[in-house]
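Just below is one structure, and these are the notes that go with it.
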Amino acid sequence: MKAYISVDLEGLPGVSSLTMLNPGNTQFNRAVKVLTRLLNTVIDELATHGFDTIYVADSHGLMTNIDYLELDSRAELIQGYPRQFSMVTLLDSSFNAALFIGYHAAAGTPHGILDHTMSGRTFTEIRVNGERVSEFILNSLYAGEHNVPVVLLAGDEHLRAEVEKYSPWTIFVPLKKGVSRYSASYPGIDKVTEALREGVSKAVKKLKKGEVQPLKWSTPFKAELTLRDSLIADILEPLPIFKRIDAYRVEFTANTASELLGYIELIAHLGYGVDALKNSIK
């Protein structure tokens, strides 16, 4: 059996400060230790339940957060950024299941710890078919297009409602609960690893019983993006695929989840460029 693990950082316990999010930050190494321990727990539990091929997609920031030497050697590691389809690179129909670990709430979620969607410097909200979406939903739709179910989601408690509404077959494991944008509460690491093992076990059993399904929404997808900087909308406005709604909002239509995610990633990169441009003006 073949599993795909996409792992982010903001939704992990022990992570509650900007000082922990990027290489060079003063507490980044603490976050990496948490990431490695929990990830190895998931890999071990999957192997125990018969998964002989496990891919891990390092999916936070520059996507080079996992220490290759410390990762369980039963997993194949995907690292580096930028890359096609970002957090779900190389995910295709050959996988039996996907698991999302360390995921955070969507941009605009009250009390969501470090909440954002795809790019905090680019988007203040992303809606698809009228629904506000998180990275969990966008990546689940991409997986669903390849007929791969997301069997487990582990992260901020504020994601629970999204799972219950859109993907009730997915096992949800809360790793922390956002108190504010820069604050969260979380149980001890031993309780977290125990909950993760139990969650993976339940998810695999549901998979084998046929009680899970790929997430699929009606197409074409209609995406509405609220941008942090009107200059991004200025740049997109002349392109026929994008319709400008107001100073900060644009919309577009995508026929597939791959197309949807691809355009969102493209605009995220544009947002990085706009930010760099502003910072370079002296």
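Summary of computed values
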item: Packing rank of 47-60, 101-114, where each peptide gets the mean count of other beta carbons within 10 Å, highest leading; result: 101-114, 47-60
item: 222 nm mean residue ellipticity, helices alone, for the chain (DSSP H n ≥ 4; -39,500 (n - 2.57); rounded to 500); result: -10500 deg cm²/dmol
item: Karplus 3J(HN,Hα) series, Hz, for the range 29-46 with 6.51 cos²θ - 1.76 cosθ + 1.60 (x for Gly, Pro); result: 4, 5, 5, 4, 5, 5, 4, 5, 4, 6, 5, 5, 5, 5, 4, 4, 5, 4
item: Ordering of 35-41, 177-183, 146-152 by burial proxy (mean other Cβ atoms within 10 Å per residue, highest first); result: 146-152, 35-41, 177-183
item: Cβ charges +1 (Lys, Arg) and -1 (Asp, Glu), total dipole of the range 221-280, debye; result: 60 debye
item: Debye, to nearest 20: dipole size of the chain, +1 on Lys, Arg Cβ, -1 on Asp, Glu Cβ; result: 340 debye
item: The range 14-24 - phi-based ³J(HN,Hα) in whole Hz, Karplus 6.51/-1.76/1.60, Gly and Pro as x; result: x, 10, 8, 9, 4, 5, 10, 9, 9, x, x
item: Pairwise label distance in nanometres, ALA161 with ARG244, each label 7 Å out on the Cα-Cβ vector; result: 3.4 nm
item: Among the listed pairs LYS33/LYS165; LYS165/LYS222; LYS177/LYS278, those beyond 29 Å (Cα-Cα); result: LYS33/LYS165; LYS177/LYS278
item: Kirkwood hydrodynamic radius (C-alpha pairs) into Stokes-Einstein, the range 157-282, 37 °C and 0.692 mPa s, D in µm²/s; result: 180 µm²/s
item: Reachable lysines from LYS2, criterion Cα separation under 24 angstrom, eight or more residues apart if same chain; result: LYS202, LYS205, LYS206, LYS208, LYS209, LYS216
item: In degrees, nearest ten, helix 189-208 long axis to first principal axis of the chain (Cα); result: 90 degrees
item: Whole-Hz ³J(HN,Hα) from phi, Karplus 6.51 cos²θ - 1.76 cosθ + 1.60, for the range 224-235, glycine and proline x; result: 10, 10, 9, 9, 7, 10, 5, 4, 5, 5, 4, 6
item: Contour excess over end-to-end distance, with Cα ends at THR256 and ASP44 and 0.36 nm allotted per residue; result: 72.9 nm
item: The range 181-230 versus the range 54-86: alpha-carbon centroid distance in Å; result: 18 Å
item: Peptides ranked, highest mean first, by Cβ atoms within 10 Å: ranges 79-86, 228-235; result: 228-235, 79-86
item: Cβ-based charge dipole, the chain, positive-most Cα from VAL56, PHE172, ALA97; result: PHE172
item: Inter-site label distance for TYR68 and SER17 at 7 Å from Cα along Cβ, in nm; result: 3.0 nm
item: Label-point gap, in nm, between THR219 and ASP52 - each point 7 angstrom along Cα→Cβ; result: 3.3 nm
item: Max mean-square fluctuation residue, GNM over the chain, Cα-Cα springs under 10 Å, options LEU266, LEU153, LEU12; result: LEU266
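None of the figures in this text is laboratory data; all of them are computed from the coordinates on show. Since we're looking at a predicted model, the values are computed, not measured. Backbone-built Cβ (ideal geometry, glycine too); neighbour counts: all protein chains shown.
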